[in-house]
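Here's the structure we're looking at; comments come further down.
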Amino acid sequence: PTRTPTAPPTRTPTRLPTRIPTAPPTRLPTASTAAPMSVNSPTITCGASYRYCIESVGDQWQPELCVPDDSAYSVTIHTCGYDDTLADTRIFGPCSNDDNPTACAALGLGSGRNPNLQSHCSDTNVMQPGTCYNNIAIGAYGSNTGCATLNVVCDASTAFPTTTTTPPIPAPTSGVVSQQTELPTPSRSGNPATIECGSTYEYCITDNAPRWEPQLCVPSDSSYSVTLHTCGHTGTLSDTRIYGPCVNDDNFAACSALDLGSGTNPAYQSLCTSSDVNAGTCFDNVEIGGYGARRGCATLTVACSSSSRHARSLDLDVLVSKTGDASLKITKPIMAKTTAAKTSTATLAGIAVLAATVIILTVVAVVVAIRQRQGATQAETIAELTNLTVEA
């Protein structure tokens, strides 16, 4: 070995690590990292957006949504424009949709993660003030998993207006008690609990109130038949149905006869008439709804016809309603009186002819008997009878 050793290690070590470490991982996960299930809020509100995650195939997020108590609301939910890890969203309730790129593009949100596979739908059920959905279900199409964003949009509905300028719907047949010029204001809790003759009411059918069952009492001055109809309504209920006290689903012909064959799906509007009830009777079986699972709002008109007046004028009223000629109300009674007078005259004339015939036959019998006693021949007797007939 050489007398001079190899150089010792340098006293100064190699460069130390920097005092400032590299940046730690961010607390928020990157887009490719699935968020924990805790992001799925148990409750949601109108006008907000919520991130949710589907961790296992077939899972659904089922939050509760309560609309404000200041008005009725229609609700739209969508995943338009989200940019996250879930490849294909799907809405299962309260409305149902898988892909709705057209609606998303109309909102200016046709972008993000797979915009052609984003979801958008509106519930046809108008929610009454302060009511809650318990059937919201948000998930993914097929076996997809991951995270996305749900947006909740609530539009104040005109289902419960305080006033209206819409003219009232005419009531069918005659004997209608007074009719309102404005629709009544339903209570905050929903549809009116009582209804009366000659009025028109706006009502809503919802999941929480699938049937409207108001009480109706007819006036105490006469017996009445009651006609109920939804003819001409322009509400959101696509198919009305009357379940009681009479039953009808579709009655386009009757609505058209009232010049009310228009509005929302006129072929699916309802009209029916109950049997007569005694004066002052109350119906406890009035039941109004939608066909099947239909939800929305419509109008109901209540027309009460006095049974005595109805019986005398039914044919005339039908004729007037078809021709629009109110003068028939005057001409028909006059024609009836004229016909009666003619009938009376014809009867008297018939009686007079019958009496004359009896007298003539009596005279003939007497003459024949006398002439036979006097020994007159049959030819002479016939000749004398002929002369008497001519003179008569």
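The values are calculated or read from the model by the stated rules, or taken from the named source; none is laboratory data. Because the structure is predicted, anything quoted here is derived from the model rather than measured. Note: ideal-geometry Cβ built from the backbone for every residue, glycine included; neighbour counts use all protein chains shown. Surface areas here come from the heavy atoms of the whole protein model, side chains and all, with no ligands, DNA or RNA. Shrake-Rupley method; radii C 1.70, N 1.55, O 1.52, S 1.80 Å.
Could you please give the count of residues in region 122-137 that are in a strand (DSSP E or B) and of a type outside the set (Phe, Trp, Tyr)?
4
Here are some conditions: (1) assigned to a loop (DSSP other than H, G, I, E, B); (2) modelled with pLDDT of 95 or more. Residue 35 meets all but one. Which one does it not meet?
(2)
Residue check: is residue 236 crowded, with 20+ Cβ neighbours inside 10 Å, hydroxyl-bearing (Ser, Thr, Tyr) and part of a loop (DSSP other than H, G, I, E, B)?
So residue 236 fits the description; yes.
Provide a single number: the residues in region 275-294 that are crowded, with 21+ Cβ neighbours inside 10 Å and either part of a loop (DSSP other than H, G, I, E, B) or of a type in the set (Phe, Trp, Tyr) (or both).
Within region 275-294, residues that are crowded, with 21+ Cβ neighbours inside 10 Å and either part of a loop (DSSP other than H, G, I, E, B) or of a type in the set (Phe, Trp, Tyr) (or both) number 1.
Those residues that are more than 21 Å from residue 73 (Cα to Cα) and without any contact (Cβ under 8 Å) to a residue 40 or more places away in the chain, I need them from region 105-122; list them, please.
Result: 105, 106, 108, 109, 110, 111, 112, 113, 114, 115, 116, 117.
Among the residues that make up region 120-138, is at least one of them farther than 22 Å from residue 236 by Cβ, small (Gly, Ala, Ser), modelled with pLDDT of 90 or more and buried (at least 16 other Cβ atoms within 10 Å of the Cβ)?
Our first condition is that a residue be farther than 22 Å from residue 236 by Cβ; within region 120-138, this holds for 137-138.
Next, only the ones that are small (Gly, Ala, Ser) stay: 137.
Going one step further and asking which of them are modelled with pLDDT of 90 or more, we end up with 137.
Cutting the leftovers down to buried (at least 16 other Cβ atoms within 10 Å of the Cβ) gives us none.
There is no residue in region 120-138 that is farther than 22 Å from residue 236 by Cβ, small (Gly, Ala, Ser), modelled with pLDDT of 90 or more and buried (at least 16 other Cβ atoms within 10 Å of the Cβ).
I need the full set of residues from region 204-233 which are open to solvent by less than 20 Å² (accessible area, probe 1.4 Å) and not in a loop (DSSP other than H, G, I, E, B), in order please.
204, 205, 212, 216, 224, 225, 226, 227, 228, 229
For region 17-31, does any single residue satisfy the condition of being surrounded by fewer than 19 Cβ atoms within 10 Å (Cβ to Cβ), in contact with an Asp or Glu (Cβ under 8 Å, 6 or more places away or on another chain), in a helix (DSSP H, G or I) and at pLDDT below 90? Steps first, answer last, please.
First pass over region 17-31, keeping only residues surrounded by fewer than 19 Cβ atoms within 10 Å (Cβ to Cβ): 17-31.
Now restrict to residues that are in contact with an Asp or Glu (Cβ under 8 Å, 6 or more places away or on another chain): 31.
From the residues that got through so far, the ones that are in a helix (DSSP H, G or I) too are none.
Checked region 17-31: no residue is surrounded by fewer than 19 Cβ atoms within 10 Å (Cβ to Cβ), in contact with an Asp or Glu (Cβ under 8 Å, 6 or more places away or on another chain), in a helix (DSSP H, G or I) and at pLDDT below 90.
Restricting attention to region 139-160, report how many residues are part of a loop (DSSP other than H, G, I, E, B) and either at pLDDT below 90 or touching a strand residue (DSSP E or B) at 6+ places or on another chain (Cβ under 8 Å) (or both). Outline the logic, then answer.
Kept after step one, since they are part of a loop (DSSP other than H, G, I, E, B), are these residues of region 139-160: 141-145, 157-160.
From the residues that got through so far, the ones that are either at pLDDT below 90 or touching a strand residue (DSSP E or B) at 6+ places or on another chain (Cβ under 8 Å) (or both) too are 141, 144-145, 157-160.
Within region 139-160, residues that are part of a loop (DSSP other than H, G, I, E, B) and either at pLDDT below 90 or touching a strand residue (DSSP E or B) at 6+ places or on another chain (Cβ under 8 Å) (or both) number 7.
Looking at 302, 247, can you tell me which residue is touching a strand residue (DSSP E or B) at 6+ places or on another chain (Cβ under 7 Å), open to solvent by less than 30 Å² (accessible area, probe 1.4 Å), over 26 Å from residue 73 (Cα atoms) and not hydroxyl-bearing (Ser, Thr, Tyr)? Reasoning before the result, please.
Working: 247 fails: open to solvent by less than 30 Å² (accessible area, probe 1.4 Å).
302 is the lone residue from the list that is touching a strand residue (DSSP E or B) at 6+ places or on another chain (Cβ under 7 Å), open to solvent by less than 30 Å² (accessible area, probe 1.4 Å), over 26 Å from residue 73 (Cα atoms) and not hydroxyl-bearing (Ser, Thr, Tyr).
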